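The next block holds one structure in the form of structure tokens; read it before the comments.
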Amino acid sequence: MRSWSMALSLLLLGFLMKGCTPAAQSDLTLPEMGEVQYLVDIDSVAFEWKSFAERPEVSGYNIYRKTLAEQSYALIDSLNSRFTTHYVDSPLAPSTTYLYRFATKNANGAAGVATQPLQITTRAFVPPTHVQAVGNYPRKIKILWRPHKDLRTLGYIIQRAEGKDFVEVARIANRLQVEYLDTNLKDSTEYFYRVFAFTASDIRSAPSPVVSARTKPIPAMPQGVFASFDLPKMVTIRWQKSPQNDIASYEVSRTILGGISSEVLANVAATETSYTDKSEIDGVRYGYYVVAIDKDGLRSERQKSPIEGGTLAAPAAPTIQSIGTEKGSVILRWTGDSRSVQYTINKQQSSFFGKKERYISIPYTYFYDHEVAPGEQYLYNVIAIDKFGLQSSPSETVSVTLEGR
């Protein structure tokens, strides 16, 4: 009974001196492993200890590990040969602290007293260096960095911030490939990036510092856009030349006022600041837009509302003031608007087969018709013509009858 108490006391003493052996069974007669040497890498630790080849009671070794955050050790491997003197623990996380303990074991799996905890921190897997983002490209940003010095680097991961989180946008499987072009981006928008290196075992470095760049802004909207109303059969659209030196052209489009769609009329060279829209309709009104397009195909915003323009309307129809007869002739008087420079007189006899005549290029607002016959009724209307040759609608038709002989 006393011998059993003594053994229990020795066990407790071993616990206090060396720490509790993390094993279900223990054999305090086994030799202790002593000092364990180690080499550290970013994702692994190599261990070496003295040989127990001359101790047949040792059948192998137990290796225990835990992180600082873990409460207890876990058996990570059990080596079944006393002749083994090296062990590599992998894969591990870079820049992480681990605690290790080692113990010999016998053929029944019982472990001896474990070594004191060995605290080891894996090496840092440094991020790519000299990372930069180059902007002012049309809807794209270029990210550059230096080739990673660690030859185990397989490639790089590029992440872009989207909201509060970074998401992976590219994975490059080549250590020497140090450029990535991010495309299909929004115009005039700032983007944020970071770069990781990774190994063949998918160990990832710490992230690089965040870099940012802005995509090329769209051209400025053309200013001073104007559309004419005073030209016959045409509308001239004018605008100010853009101060930007990379403008390649201007797009002119037309819409029906009040409509929701528009049609492109022309793409005008950057050296031009006007365009003429031709139409055969007098007095028609349209809405126009002018958009600047740069050498990269980026388009400016267009005007919030279409710029209104239109063809010159025809002169107003003349107003007949009087019609009468005098000494066997018909006298017709009228008024015309300020644009009228000449008039056309339409004349017709009222009979079924009555003769029709036209008198053109009348420069006055009165007309004496001597080519009439007594007893006949004649119908007259007047058309005004402006300096461009635009013709008004006919005036009201008036009639007169010469007294018979």
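Tabulated data
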item	result
Binned Cα-Cα distance frequencies in the chain - 10 Å width, integer %	4, 13, 12, 10, 10, 8, 7, 6, 7, 6, 4, 4, 4, 3, 2, 1, 0, 0
Accessible area per residue, Å², the stretch 61-121 with all protein chains present, probe 1.4 Å	47
The stretch 86-203 pair-distance distribution - Cα-Cα, 5 Å bins, rounded %	2, 9, 16, 15, 13, 10, 8, 6, 6, 5, 4, 2, 2, 1, 0
Computed accessible area, His130, all protein chains, 1.4 angstrom probe, square angstrom	120
Interatomic Cα distance distribution for the stretch 69-141, bins of 5 angstrom, percent	3, 10, 16, 17, 12, 9, 6, 5, 5, 4, 4, 3, 3, 1, 0
Solvent accessible area, Å² - Arg139, 1.4 Å probe, full protein context	100
Angle in degrees between helix 2-18 and the longest Cα principal axis of the chain, rounded to the nearest 10	40
Rounded accessible area per residue of the stretch 196-282, 1.4 Å, Å²	54
Which listed pairs, of Lys164/Lys216; Lys295/Lys387; Lys140/Lys164; Lys186/Lys233; Lys186/Lys241, have C-alpha distances above 32 Å, in listed order	Lys295/Lys387; Lys186/Lys233
Rounded to the nearest 10 Å², the accessible area of Phe367 at probe 1.4 Å	20
GNM flexibility winner over the chain from Pro117, Pro128, Pro306 (Cα, springs under 10 Å)	Pro117
The chain - percent of accessible surface contributed by carbon and sulfur, probe 1.4 Å	52
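The values are calculated or read from the model by the stated rules, or taken from the named source; none is laboratory data. All values derive from a computational prediction rather than experimental measurement. Side chains included, ligands, DNA and RNA excluded: accessible areas come from the protein's heavy atoms. Shrake-Rupley method; radii C 1.70, N 1.55, O 1.52, S 1.80 Å.
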